[in-house]
Structure formats: structure tokens, C-alpha cells
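Participant: Supplied in C-alpha cells, the structure appears directly below.
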There are 2 protein chains.
Amino acid sequence: MGTRQRLITTASELLTEEGVGAVTLRGIAKAAGVSHGAPLRHFSGRAELLSAVATQGFTELLDRRKRLPGGSPRERLTAACHSYVDFALQKPAMFELMFRRDLIDPDEPALAAVSSAVFDEFAVLVAAAGDQGGTDPRLVAASLWAALHGLAQLWLWGGLAGASFAPSPESALAVTLDAYLG
Amino acid sequence: MGTRQRLITTASELLTEEGVGAVTLRGIAKAAGVSHGAPLRHFSGRAELLSAVATQGFTELLDRRKRLPGGSPRERLTAACHSYVDFALQKPAMFELMFRRDLIDPDEPALAAVSSAVFDEFAVLVAAAGDQGGTDPRLVAASLWAALHGLAQLWLWGGLAGASFAPSPESALAVTLDAYLG
DNA sequence: AACACGAAGTAGACAGCGTCTACAAAAGTT
DNA sequence: AACTTTTGTAGACGCTGTCTACTTCGTGTT
């Protein structure tokens, strides 16, 4: 495996094991067994390396969706929604990195391509799930995606709970899906 | 105005003018006209200073809600929803800081108090807006809040748009409110 | 009035970070 | 075989947060 790929893999492992705050260029280099300057031979800077990692994250998100069990369009949509939230809860550090503008470069071509593919495929699922009462399915998809995204984000933040109330992410997701599809 | 308060104010200004990446302890000190070590006389570290700034952010969020025009419970709820998204779009850097676990300390008492007050008051609005079909209003509140939060976050991220589709935040918000209240 | 003492501010140091540059080694190309 | 491009290393620079020693200053006690 070439050094470039090893750096991406090492960074990805470091990310899931130590969290977003630990993915430093020098730390990745050390973990990969190269000098601290080596990564700059393969990436223009930290943002480009982390963008490659985030691209893998979006790709996995897309893959999970493709492996979903078939069924009615509506079932497929709810499965996709669960899949999104599950991904965020199972890989919180990766999920955080994927939306950290200060760490990655959203204009990186590969990243931009796969992240908009995530949205586009989701919009297809929404469109297939039924009539939206005249509103553009892509608009509904954007709104629903945002709802899922916020759910995952607030849960990871620890903020879904009020003073004396701590819902599970599953129950909150059920309410969300009920609002949109019920 | 004491130095402590000046540091918070300066940090807040620096935040809105230069963005989250620019709020460095040394930069704040310089902008406030004190030495780089002075802030540590008033705060245990960067996290405590930024937590104070974020606390002001949550407080303003709460204030905006209290100044909302009266009306039917449902009108008041939709106004509160708009207020949340408007705040995020008008003060993006503050909004980002408020949810950046790595920069602030969510267990800071003042911060924890005001942030859960934000949720609690929102839950009251949801409960007043009508029957939720037997589900706990706080659970609906959590789900709706997450939807608003995700909307703001994804919009600021620049990701609400697919390849050839760019909805306005207002239109997406309208769809969200329609799903929950329509 | 003299003193002591704690709070507040300063300046310097340290390790860690991202990035740049100069240099060495290795791999390909002609 | 000679030359060029790629890949890796080591050191430096300026930045960061934080720690420590030192100074300054206001206040309260004796």
C-alpha cells in the first residue's frame, strides 16, 4: 500500500479511536511511521488529507444505503433515514469531520461529488415514496434530511435532553418520521 | 467595565467579525489591550472564556423568543421556529460556537442552565400549540428542534443544495413546519 | 502610618501545531 | 550511464494554549 493510502487509512483509524481533536498532521505522520513532513508530499495540506478521509465517510454512507433491504418505496425511505442516524451514532467522529468546514475543503472535487450524490439519491427515495402534495420532492428531501441531520447532531452534542427529560434517539426519530410520513 | 467583561465582549465582537477560527486567546487579549497571559487571571482557560461567550449567545436566543409577538399558541410556535433559524443565519459564528463541544465546556453551570432553558421553553410552546396525539410534547419538541437545528446547520454548511437544486432556507423551513404543524 | 497580603497584569518559557525550505535518497527516463 | 522527477527527512518559523516567576496595586489590619 502506497504512503498516500496508508496516511488516509491511519488518519481514519486515529479519527475513530481518538476523536476529531486528535487527527493532527504530525500525529498521523507519526502513527503511519513517516516523518512529520512526509504528508505534504502527497497532500497540499491538512485540509486535503482530511477531505480524503471525509470522502471515504460519505462513500460509506452511500454504500450503506445501497445495501438496504428492498421493500415498498416508503419502507426503503424509512430504512434510509434510520441508516443515516445510525451511521452518525456509530461513527460520531467521522460524522463530525464530514461537516467541519474548518477542517476539510468542501470544494474538493471528489468530496463534493460524493456528498451531493448522498443528497441526490436521498431525493430519489423521497420522490419514489409518494406524492408530496405538489411540493418539489427535492425540497421535501432537503427538509427531511435536515431533520435527520439535526437529530444526530443534537444527540451527539448531548442536547436532546432538557433538565428532566432524556429521550432516546430512536424515539425522537420515530416522531420525526411520523411527522413527515405519518 | 472590568477586564473580565471586556474580554467577553471583545471575544464576542471578534467572533462575529472574524469567525470561529479567529477567536484565539492571544488574539482576544491583544484586541482587548492586555497581555497574552491576562485572560488566565479571569478564566481557567480558553474553554471557560468561550463558554461565557456561548452563554451570552444562548441568552440572546432566549431573549429573542420572549420578545416575540403574541397570538395563537400555534402562531407563537411558528414564530419561535423562525426565530431560531433566523438567529443561526444572522449570527452564524456565534451559532457554530454554541454547539462546538471542543471549544466550550457544556458542563459550565451558567451555560448548561441557559441552554436547557432554551429547550424547556420551547417544549412549553410545543405543548401549548395543541395535542400531539398522545406523544409526550417534550419528545415532539426535541424532534422539531432538531429539525430546525439541522436546517440551520446544513444551510450554513452549504449542503442543502444538491447538484442542480438550491432551495432557500425559508422554503425548506416552510416544508418542515408544514410536516410538523400542517 | 507602616506593613502585609491577595488579586491582577506582565513577560518569558515550553511543547505542540501547520507549513515552508533545503537537502538526501530513490526511482524512472532518455 | 547521466539526468530528472518523485519521495522522504530534518530543521526552522510563527502561531497556539498554558505554566511560572516577577511586578504592581489596591485594601485591610495593626
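The values are calculated or read from the model by the stated rules, or taken from the named source; none is laboratory data. Note that the structure is a prediction, hence the values are computed from the model and not measured. With ideal geometry, Cβ positions are generated from the backbone for all residues, glycine too; neighbour counts draw on all protein chains shown.
Participant: Restricting to region A:142-182, count the residues that are at pLDDT below 95 and of a type in the set (S, T, N, Q).
Facilitator: 2
Participant: Against the definition (closer than 30 Å to A:Ser164 by Cα and either at the interface with chain A (Cβ under 7 Å from one of its Cβ atoms) or under 19 Å from the mean Cα position of the chain (by Cα) (or both)), how does B:Ala172 come out, yes or no?
Facilitator: no
Participant: Cβ-Cβ distance below 9 Å, separation of 6 or more or different chains: which pairs start in region B:32-49 with a residue that is of a type in the set (Phe, Trp, Tyr) and end on one that is surrounded by fewer than 17 Cβ atoms within 10 Å (Cβ to Cβ)?
Facilitator: What qualifies is B:Phe43/B:Arg4.
Participant: For region A:8-23, what are the residues that are within 11 Å of DNA strand C (Cβ to nearest atom) and surrounded by 15 or more Cβ atoms within 10 Å (Cβ to Cβ)?
Facilitator: A:Ala11, A:Leu14, A:Val23
Participant: If you don't mind, another one. Considering only region A:8-35, state which residues are assigned to a helix (DSSP H, G or I), among the hydroxyl-bearing types (Ser, Thr, Tyr) and more than 20 Å from A:Arg101 (Cα to Cα).
Facilitator: Scanning region A:8-35 gives A:Thr9, A:Thr10.
Participant: Only one of (1) more than 8 Å from every other protein chain (Cβ to nearest Cβ); (2) buried (at least 18 other Cβ atoms within 10 Å of the Cβ); (3) not basic (Lys, Arg) is not met by B:Ser72, so which one is it?
Facilitator: (2)
Participant: Here is a list: B:Gln90, B:Gln56. Which entry is more than 15 Å from DNA strand D (Cβ to nearest atom), free of Cβ contacts under 8 Å to residues at least 24 places away in the same chain and either surrounded by fewer than 16 Cβ atoms within 10 Å (Cβ to Cβ) or not hydrophobic (A, V, I, L, M, F, W, C) (or both)?
Facilitator: Exactly one residue qualifies, and that residue is B:Gln90.
Participant: Within region A:143-158, which residues are facing chain B (nearest Cβ under 7 Å) and either surrounded by fewer than 21 Cβ atoms within 10 Å (Cβ to Cβ) or under 16 Å from B:Asp120 (Cβ atoms) (or both)?
Facilitator: Matches in region A:143-158: A:Leu154, A:Trp157, A:Gly158.
Participant: Here is a further query. Quick test for you: out of B:Ala38, B:Ala79, pick the one residue that is within 15 Å of DNA strand D (Cβ to nearest atom), more than 14 Å from every other protein chain (Cβ to nearest Cβ) and surrounded by 15 or more Cβ atoms within 10 Å (Cβ to Cβ).
Facilitator: B:Ala38
Participant: Another question about this same structure. Looking at B:Gln56, B:Gln5, which is the one that is under 25 Å from B:Val118 (Cα atoms), within 16 Å of DNA strand C (Cβ to nearest atom) and part of a helix (DSSP H, G or I)?
Facilitator: Answer to the selection: B:Gln5.
Participant: So in region B:41-53, with the set limited to residues that are within 16 Å of DNA strand C (Cβ to nearest atom) and assigned to a helix (DSSP H, G or I), which one is surrounded by the fewest Cβ atoms within 10 Å (Cβ to Cβ)?
Facilitator: The selected residue is B:Arg41.
Participant: Which numbered condition trips up B:Ser72, out of (1) more than 16 Å from DNA strand D (Cβ to nearest atom); (2) farther than 25 Å from B:Leu151 by Cβ; (3) without any contact (Cβ under 8 Å) to a residue 24 or more places away in the chain?
Facilitator: (2)
Participant: Moving to a separate point now. Every residue in region B:118-136 that is within 10 Å of chain A (Cβ to nearest Cβ), free of Cβ contacts under 8 Å to residues at least 40 places away in the same chain and not hydrophobic (A, V, I, L, M, F, W, C), please.
Facilitator: Within region B:118-136, B:Asp120, B:Gln132, B:Gly133, B:Thr135, B:Asp136 qualify.
Participant: Do we find that A:Ser116 is out of contact with any helix residue (DSSP H, G or I) (no Cβ under 9 Å at 6 or more places or on another chain) and assigned to a helix (DSSP H, G or I) in this structure?
Facilitator: When the stated conditions are applied, A:Ser116 passes them.
Participant: Would you confirm whether any residue within region A:131-148 is in contact with a Pro (Cβ under 6 Å, 6 or more places away or on another chain) and in a helix (DSSP H, G or I)?
Facilitator: yes
Participant: Let me ask you something else. Among (1) small (Gly, Ala, Ser); (2) more than 16 Å from DNA strand D (Cβ to nearest atom); (3) over 16 Å from the mean Cα position of the chain (by Cα); (4) within 14 Å of chain A (Cβ to nearest Cβ), which single condition is B:Ala22 missing?
Facilitator: In the conditions (1) small (Gly, Ala, Ser); (2) more than 16 Å from DNA strand D (Cβ to nearest atom); (3) over 16 Å from the mean Cα position of the chain (by Cα); (4) within 14 Å of chain A (Cβ to nearest Cβ), B:Ala22 misses (2) alone.
Participant: Here's something else I'd like to know. Would you confirm, using the coordinates I've provided, whether A:Asp107 is within 14 Å of another protein chain (Cβ to nearest Cβ), among the acidic types (Asp, Glu) and without any contact (Cβ under 8 Å) to a residue 12 or more places away in the chain?
Facilitator: yes
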